[in-house]
Amino acid sequence: MSRIGRLPVGVPAGVMVDIKEKNAVTVKGPKGNLQRNLPEEMFIKLEDDQIIITRPNDLKKMKSLHGLTRTLIKNMIVGVSEGYEKVLEVKGVGYRAVKQGKKLIMNLGYSHPIEIEDPADLETMVDGNKIIVKGIDKEKVGQYAAEIRNKRRPEPYKSKGIKYVDEVIRAKAGKTGKK
């Protein structure tokens, strides 16, 4: 049995889970609604404020889908009840980010400022040198944070660029001059 897949997913108060045919799962909560089509092979049941996922057999593919299905449902429930956020840090001389309406404008050492429009279901905030990406879909929050980071990745010599707050950049030694 899958160690992750066999664990039941608790449904907190205020969250409604609707499981339709062909495993179309809809989760509604205080922060919004999420809908996802999950693998049809899995058996998903809602019992006593818990979701239980079982698999039809022990093939390798079914074992991997078992844990994946449970994790996707758990992420949907956490998203509509608490939400997700990623925090990025802008580091470097003259590097900064500013929020104007739905646009994030960043000066990252290029000859021009970089403008990114926020997706409809995500929100960004700027707090000093930190960019905070918030939303209810874990996948979209992570993807958008990665797109922002790719505008100027941190370089290993002076650690300038955009990095995740919890990311550790291994510094390299600079050039050594010969005399």
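The values are calculated or read from the model by the stated rules, or taken from the named source; none is laboratory data. Here the structure is a predicted model, which is why all the values come from computation and not from measurement. FYI the Cβ positions are ideal-geometry reconstructions off the backbone, even for glycines, and counts take in every protein chain you see. To get the accessible areas, we keep the full protein, side chains included, count just its heavy atoms, and leave off ligands, DNA and RNA. Shrake-Rupley method; radii C 1.70, N 1.55, O 1.52, S 1.80 Å.
Listing for the model above:
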{"quantity": "Cross-chain or 6+ apart pairs with Cβ under 6 Å, the range 100-114 first and over 16 Å from MET125 (Cα atoms), then open to solvent by less than 70 Å² (accessible area, probe 1.4 Å) and of a type in the set (D, E, K, R)", "calculated": "LEU108/ARG152"}
{"quantity": "Matching residues in the range 1-29 - criterion: being surrounded by 13 or more Cβ atoms within 10 Å (Cβ to Cβ), touching a Pro at 6+ places or on another chain (Cβ under 7 Å) and part of a loop (DSSP other than H, G, I, E, B)", "calculated": "none"}
{"quantity": "Residue in the range 50-69 that is open to solvent by less than 30 Å² (accessible area, probe 1.4 Å), outside any loop (DSSP other than H, G, I, E, B) and within 18 Å of ASP137 (Cα to Cα) present", "calculated": "yes"}
{"quantity": "Selected residue (criterion: least open to solvent (accessible area, probe 1.4 Å)) from residues of the range 30-49 that are within 24 Å of VAL141 (Cβ to Cβ) and in a loop (DSSP other than H, G, I, E, B)", "calculated": "LEU38"}
{"quantity": "Boolean, ILE169 is at pLDDT 95 or above, of a type in the set (Val, Ile, Thr) and either open to solvent by less than 30 Å² (accessible area, probe 1.4 Å) or in a loop (DSSP other than H, G, I, E, B) (or both)", "calculated": "no"}
{"quantity": "Looking only at the range 1-36, and only at residues there that are touching a residue at least 12 places away in the same chain (Cβ under 8 Å) and of a type in the set (S, T, N, Q), the one that is farthest from LYS61 (Cα to Cα)", "calculated": "ASN33"}
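Listed here are the residues, each with its yes/no results for (1) crowded, with 17+ Cβ neighbours inside 10 Å; (2) touching an Asp or Glu at 6+ places or on another chain (Cβ under 8 Å); (3) of a type in the set (A, V, I, L, M); (4) not in a helix (DSSP H, G or I).
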position	(1), (2), (3), (4)
ILE77	yes, no, yes, no
VAL80	yes, no, yes, no
LYS86	yes, no, no, yes
GLY94	no, no, no, yes
VAL98	no, no, yes, yes
ILE105	no, yes, yes, yes
TYR110	no, no, no, yes
GLU115	no, no, no, yes
